[in-house]
Amino acid sequence: MEELTCKTVFEIPVFGGIKVDEAVVATWGIMLCLTLLSLILVRNLKVERPGKVQLALESCIQWGTDLFEGILGKENSGYIPYLMTVGLFLVISNTMGMIGIKPPTKDLNVTAALAILSMLLIEYSGIRRNGIRHWGKHFGEPVPFVAPIMVLEVFIRPLSLCMRLFGNMLGGFVVMELIKQVAPLLIPIPLSFYFDIFDGLLQAYVFVFLTALFMNEEME
């Protein structure tokens, strides 16, 4: 239970005291690292004879672009940078356990915030593509009495994203901590590759993939 609790790192003395816990510090640390890496890696880009680092970055970006364009279409490629950014954030967040840092995605507040952003993006994409009038009308289709169910779906989709990510990351964290207590030497090593790497990468992919899929459904 002590490992599952997000401890307060420091307190900001405003509005009666704002407590900043480990998940918030880890989240801001990841964003800072991603920002610095972005500034460093995009320096000295070349059109002719690019270096190995540039080629690797371009290959990753092209892979992500092809993936999301296959779901959203090229006409909606403006959403891809956001989806790729969230995916990269989740990849780092979910695999931080490898270096002994508690993943911020095991905190329900973090996954809920990401899910709310996804919900807003999903609904915005539908309104932007078809107009607010069509967006409002689709809640009553094919028959008006399904409107309450359609309204619930707006909140159920992000809730499923939130709980799936939170449950998997929390479950993996709990299992690894229990195994470390029982057999702290050799057994945790191969299992760590699954829970800290494979499962973390898989959950990051599932989150952004389902977000893009829901966006595509909303824009149809």
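The values are calculated or read from the model by the stated rules, or taken from the named source; none is laboratory data. These figures come from a predicted structure and were not determined experimentally. We place every Cβ from the backbone using ideal geometry, glycine too, and count neighbours over all the protein chains shown. Keep in mind that these areas ignore ligands, DNA and RNA; they rest on the heavy atoms of the full protein, side chains included. Shrake-Rupley method; radii C 1.70, N 1.55, O 1.52, S 1.80 Å.
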Arrange the peptides 97-109, 44-56 so that the one whose residues have, on average, the most other Cβ atoms within 10 Å appears first. 97-109, 44-56
Using 0.36 nm per residue, how much length does the chain from Val206 to Leu159 gain when fully extended, once their Cα-Cα distance is taken away? 15.5 nm
Which value at 222 nm does the chain reach when only helices count, each DSSP H run of 4 or more adding -39,500 (n - 2.57), with the total divided by all residues and rounded to the nearest 500 deg cm²/dmol? -22500 deg cm²/dmol
Per residue, how many Å² of accessible area does the range 13-123 show with a 1.4 Å probe? 62
At Phe198 and Arg129, where each label point lies 7 Å from the Cα along Cα→Cβ, what is the point-to-point distance in nanometres? 3.4
Starting from one equal scatterer on each C-alpha and no solvent at all, send me the Debye-based log10 I(q)/I(0) for the chain at q = 0.09, 0.11, 0.14, 0.18 Å⁻¹, two decimals. -0.47, -0.69, -1.01, -1.30
Please list, in chain and number order, the residues 5+ apart from Asp21 or on another chain whose amide H is under 5 Å from its amide H, with Hs placed from the backbone. Val9
What accessible area, in Å² to the nearest ten, does a 1.4 Å probe give for Asp199? 10
So how do 88-96, 135-143, 69-77 stack up, highest first, on mean other-Cβ count within 10 Å? 88-96, 69-77, 135-143
